[in-house]
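The values are calculated or read from the model by the stated rules, or taken from the named source; none is laboratory data. Everything numeric here is computed off the predicted structure, so don't read it as measured data. Note that we place each Cβ from the backbone using ideal geometry, even for glycine, and neighbour counts take in every protein chain shown.
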Amino acid sequence: MFSLNAYNYDLPSELIAQEPVMHRDRSKLLVLDRRSGIFSHSVFGDIDHLLTRDDVLVINNSAVIPGRLYGRKDTGGKAEVLIADFAGGCKTDSEGDNFICECLIKAAKRPKPGTWFYFDQGVKAEVIESRNGTHTLKFYPGDDFEDTLYRIGEVPLPPYIKRNKKASPCDDRAAYQTVYASEKGAIAAPTAGLHFTKRLLEKLETKGVDIVPITLYVGYGTFSPVRVSDIRMHKMHSERFFISQASADTINTALAAGKRIVAVGTTCVRTLEYASNANGELASGSGSCDLFIYPGYRFSVVDAMITNFHLPKSTLLILVSAFAGREKILNAYSEAIKRRYRFYSYGDAMLIF
C-alpha cells in the first residue's frame with residue numbers, strides 16, 4: 001500500500017489528451033461507487049442527474065496566468081522563464097515600478113545572479129538570487145506587470161502536452177481555464193473543473209445544488225514526480241489557498257445537516273481537508289496547503305469528488321486511491337483504457353462517490 005510501484009499502470013501514449021473535446025461537457029464520465037467498486041459510464045453533461053438538491057459542489061476558482069515567457073540571455077542564448085509565485089510572492093521594488101518574482105528557468109547553462117534576460121516589447125529581467133533550483137528575478141516591464149504578462153506571456157501547459165501549438169486551432173488561454181476562474185495566480189489549471197459549462201452550472205443551481213467557491217493556486221509542484229520508493233517519505237509541495245467566511249459557513253451548515261460535499265478536483269479535496277479540524281469543521285482564511293493524502297488518511301469533509309485521470313505514480317493518483325481504494329481505482333483506470341478514455345489535463349473525468 002505504501003510502495004510507489006503499487007500506483008503504476010501502463011497507458012498507451014495515444015490516450016494522453018493533447019487537446020480538449022470541442023464541447024467541454026461532452027467529455028466522457030466514469031462513475032465509480034467507492035464502496036462497491038461498481039462503475040458505469042456516462043457523459044459529463046449528464047452529471048446534473050447524478051447530483052441532488054442536497055449536494056454542495058465545491059469549486060476551485062483560481063485562474064491560470066500566462067506566466068511562461070520566452071526570451072534570450074544577454075549572451076544571446078535562448079531562455080524560458082516560468083513565474084512560479086504570482087499569487088503570493090511577486091512584489092514591487094522600492095521604486096514601485098518593477099516586480100520581483102520567484103521563477104523557474106530553462107536555459108543551456110544555469111543563470112547566475114547578474115544575468116539579464118530580454119523578452120518581447122522591451123521587457124527585461126535580472127537574476128537577483130538563485131537557490132534550490134529557483135531564481136529570483138526583477139522584471140522591468142515598462143508598463144503594468146500584469147498587462148505585460150497578458151500581452152507577451154503564454155499559458156504554461158503541462159509537460160505531457162507536446163503538440164505543435166502554432167499548428168493547433170486550440171486556444172489554450174480559453175481552453176485551459178475553467179469557466180468560473182476569477183482569482184489570478186495559478187500556473188496550472190484545476191483541470192477537473194474544465195468540463196463544466198456555464199449552462200451546466202446554471203442547471204445545477206436551478207436543481208438546488210449549492211455551488212461554493214474556494215481558491216487554491218495550483219503550483220508547478222503538482223507535476224513534480226514522487227522520488228521515494230515509500231510514499232510516506234514524500235514531502236508535498238506547498239500551495240497558497242483562501243477560503244472565504246461565506247464559503248466556510250455554507251459548507252459547515254451543510255455538514256451539520258448531513259448533506260454531501262462534492263469536491264471538484266484534487267485541489268479542492270486537499271484544501272478542504274487541510275483547513276478542517278478534527279471535528280470536520282472548516283475554517284475560513286488563507287495559508288499554504290502542503291497536505292499529502294495517501295491510503296490510511298481519514299477524510300473529514302469530502303464525501304464525493306469529480307476528478308480527471310492522473311499520471312502513474314503521482315500524488316494525485318495516490319490521493320484518489322486513498323479516497324476510493326487503490327484496487328478499485330486501478331480497476332476503473334483499466335476499464336477506462338479499454339474504452340479509450342482520454343487521460344490527464346485535457347482528458348475525460350470521473351465521479352467518485
Worksheet entry | Pairs where the first residue, in segment 287-311, is of a type in the set (Gly, Ala, Ser) and the second is not in a loop (DSSP other than H, G, I, E, B), C-beta under 6 Å, 6+ apart | Ser288/Arg240; Ser300/Ser276; Ala304/Val262
Response to the item:
Among the residues of segment 312-328, the number that are touching a residue at least 40 places away in the same chain (Cβ under 8 Å), more than 18 Å from Asn60 (Cβ to Cβ) and of a type in the set (A, V, I, L, M) is 3
Fill in: Within segment 212-226, tally of residues that are outside any helix (DSSP H, G or I) and modelled with pLDDT under 95
4
Worksheet entry | Selection count, segment 142-194, where residues are in a loop (DSSP other than H, G, I, E, B) and of a type in the set (Asp, Glu) | 3
Worksheet item: Hey, among Leu316, Leu351, which residue is assigned to a helix (DSSP H, G or I) and buried (at least 18 other Cβ atoms within 10 Å of the Cβ)?
Response: Leu316
Worksheet item: Considering only residues of segment 120-141 that are outside any helix (DSSP H, G or I) and among the charged types (D, E, K, R), which is farthest from Leu69 (Cα to Cα)?
Response: Arg131
Worksheet entry | Odd one out for Ser168, checked against (1) within 30 Å of Pro20 (Cβ to Cβ); (2) buried (at least 20 other Cβ atoms within 10 Å of the Cβ); (3) among the small types (Gly, Ala, Ser) | (2)
Discussion item. Against the conditions (1) surrounded by fewer than 17 Cβ atoms within 10 Å (Cβ to Cβ); (2) over 24 Å from Ala304 (Cα atoms); (3) touching an Asp or Glu at 6+ places or on another chain (Cβ under 9 Å), where does Gly208 fall short? Just the number, please.
Written reply: (2)
Item to complete: Could you tell me which numbered condition Ile105 fails, if it satisfies all but one of (1) crowded, with 18+ Cβ neighbours inside 10 Å; (2) touching a Lys or Arg at 6+ places or on another chain (Cβ under 7 Å)?
Response: (2)
Fill in: Qualifying strands (runs of 3 or more DSSP E) (wholly inside segment 1-94; at least 1 residues being farther than 26 Å from Val320 by Cβ, of a type outside the set (A, V, I, L, M, F, W, C) and not assigned by TED's automatic domain parsing to the domain that holds Ser286)
68-73, 78-83
Fill in: Residue tally, condition touching a Cys at 6+ places or on another chain (Cβ under 9 Å) and of a type in the set (A, V, I, L, M), over segment 218-261
1
Discussion item. Can you go through Ala283, Ala278 and tell me which one is surrounded by fewer than 17 Cβ atoms within 10 Å (Cβ to Cβ), of a type outside the set (Lys, Arg) and at pLDDT below 95?
Written reply: Ala278
